[in-house]
Every structure is written in structure tokens, then in C-alpha cells.
1. Within the bounds of segment 171-192, is there any residue that is closer than 23 Å to Asp31 by Cα, open to solvent by less than 60 Å² (accessible area, probe 1.4 Å), of a type outside the set (Asp, Glu) and part of a loop (DSSP other than H, G, I, E, B)?
2. Does segment 45-61 contain any residue that is closer than 21 Å to Pro171 by Cβ, surrounded by 17 or more Cβ atoms within 10 Å (Cβ to Cβ), touching a strand residue (DSSP E or B) at 6+ places or on another chain (Cβ under 8 Å) and at pLDDT 95 or above?
3. Applying the selection to segment 174-206, what residues are among the hydrophobic types (A, V, I, L, M, F, W, C) and farther than 18 Å from Ser86 by Cα?
4. Provide a single number: the residues in segment 23-41 that are farther than 15 Å from Ala92 by Cα and open to solvent by 10 Å² or more (accessible area, probe 1.4 Å).
5. Working only within segment 144-170, note down all residues that are surrounded by fewer than 12 Cβ atoms within 10 Å (Cβ to Cβ) and aromatic (Phe, Trp, Tyr).
6. Which of the following residues is acidic (Asp, Glu), open to solvent by less than 10 Å² (accessible area, probe 1.4 Å), modelled with pLDDT of 95 or more and closer than 25 Å to Arg223 by Cα: Asp97, Asp66?
7. Any chance segment 164-187 includes a residue that's modelled with pLDDT of 95 or more and acidic (Asp, Glu)?
Amino acid sequence: MDSTINISVIIPVYNHQNFIAQCLDSLVSQDYKNWEGIIINDGSTDDSLSIINEYAKKDSRFVVIDQENMGIYNLHVIYNNALKISRGEYIAILEGDDYWPKTKLSLQMKSFNDPEVGLSWGNGVYVDVDGNEIYKVENQENKWGKNIVTNYPIRSSTKYFLFASNFFNMPTCSVMYRKKVLSEINGFWQPKGLKWLDKTTWILVSLKYKFAYCEFNTGYWRRHEAQVTSINTD
């Protein structure tokens, strides 16, 4: 196997013992093999860390960062610390309670054949705690228009991030970036007082780069009561 790392996958984990095995299995089973998984255990109080360590023992592509809990208001610190040590040219996000189809990376990497694309995203499936389908995110180009979902001309989608209530359900687990794009905006951006950083980071990327929209399943986004986005009212 080629040892070149092309994709760095940032995997934030906090008390995900019931989901982390499925999450990591979905990365190990990717048909695209040149990745590293940077797992940040944010002070989990359950059995998450021991499960993570077992995977790291078996697969040297995993890097484990075990730290005291920093919490949701410091997600930008957690993500950016992982970004600093990443070796890949591309960055993907896989939260510890989500998972991917096995062709996700191989298919989505084709998005970046266009050098003007800074962010790729696509269809996804919301699932419950047991992995049962709740809702499919698909046909977004038909719903919003090609220029919005691809952010072309540049900044076409910016106002939708700012003013649309949920900006066409863009699943976080679907998103991949060019690393140089994140470097140009000084990493992930989380304004003080917000419990999330995905949408605010996408806003900054939308000011300078095209998006690619993938019309295939790029991830399973789990919804449950303990999830930040399920209780978020920001």
C-alpha cells in the first residue's frame, strides 16, 4: 500500500462509546486507502478512549490525541490543533457518532480535479441512534439551483449561509476541504458564544472558492438527544 497520506480525517470524540466503532470501521473500510485519522478524545468519561486505542493499535494510520475536556465552545481549538498536525492535502470531518459509505473518499476526491474547488459536499442520510434512516438530503441542485450549491459565481451561496435557516441541510460529515483553503482563512472559525463552527467556516470559504456538489451519498449523520446540533438554538 502506498504510504502517501492524501486525506487527513479529523475525528472529534466525546462520549461516543456506542457509536465510535461504527465510525472508525467506516473509515478503515474505505476503498481509498491513503488517509490518516486524527482522533481527538475530548475528555470522554465513558469507554470511548479504550475503544479508540484498540483501533490505533491495529492500524498505524490512526493518531490519537487524548486531552482534558475543552467543550463545545472550544471546538475551533480542538479542530485547529488537529489541522496543525495533519499531513494530508485534503481535510475531511467525521464526528465520532457519524459514519461513511465505503466509496465516500474515492468518489469525492474527484471533486478536486477542478483547481478552483475549495470545498466539496454532497448528498447524505440522517439516521437515528440505531442507524435507521430519518431523512435523505438529496436533489439539492434542483431545489436551490446549481449556482447556489456550487457557489459559482463565487459568493453565490454566501447570502444563503447568512440568511437561510438551515442552508439546504448541508451535512457536516459530507464536507471535504483543500487544506490550503483552511490555511488561508486561519483554520476553522467559531465566533465566541457559538456551539458550532461548520457553517461559519463555510461562509469564509464561500468568499473565495467554488464548491463541488456530489450527487451521491457522502455520509450518514446521526441525530440523537445528546447531540449538540439537536439541542442547539443559536
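The values are calculated or read from the model by the stated rules, or taken from the named source; none is laboratory data. It should be emphasised that the depicted structure is a prediction, and the values quoted were computed from it without experimental measurement. Every residue, glycine as well, gets a Cβ built from its backbone with ideal geometry; the counts of neighbours run over all protein chains shown. Side chains are part of the model used for accessible areas, which takes the heavy atoms of the whole protein and leaves out ligands, DNA and RNA. Shrake-Rupley method; radii C 1.70, N 1.55, O 1.52, S 1.80 Å.
1. yes
2. no
3. Leu194, Trp196, Leu197, Trp202, Ile203, Leu204, Val205
4. 3
5. Once the filter is applied, which keeps residues that are surrounded by fewer than 12 Cβ atoms within 10 Å (Cβ to Cβ) and aromatic (Phe, Trp, Tyr), segment 144-170 yields only Phe163.
6. Criteria check complete, one pass: Asp97.
7. Among the residues of segment 164-187, at least one is modelled with pLDDT of 95 or more and acidic (Asp, Glu), which makes the answer yes.
Condition check ((1) touching a Leu at 6+ places or on another chain (Cβ under 8 Å); (2) free of Cβ contacts under 8 Å to residues at least 40 places away in the same chain; (3) among the polar types (S, T, N, Q); (4) assigned to a loop (DSSP other than H, G, I, E, B)) across all residues:
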{"residue": "Leu27", "(1), (2), (3), (4)": "yes, no, no, no"}
{"residue": "Thr45", "(1), (2), (3), (4)": "no, yes, yes, yes"}
{"residue": "Asp66", "(1), (2), (3), (4)": "yes, yes, no, no"}
{"residue": "Asn80", "(1), (2), (3), (4)": "no, no, yes, no"}
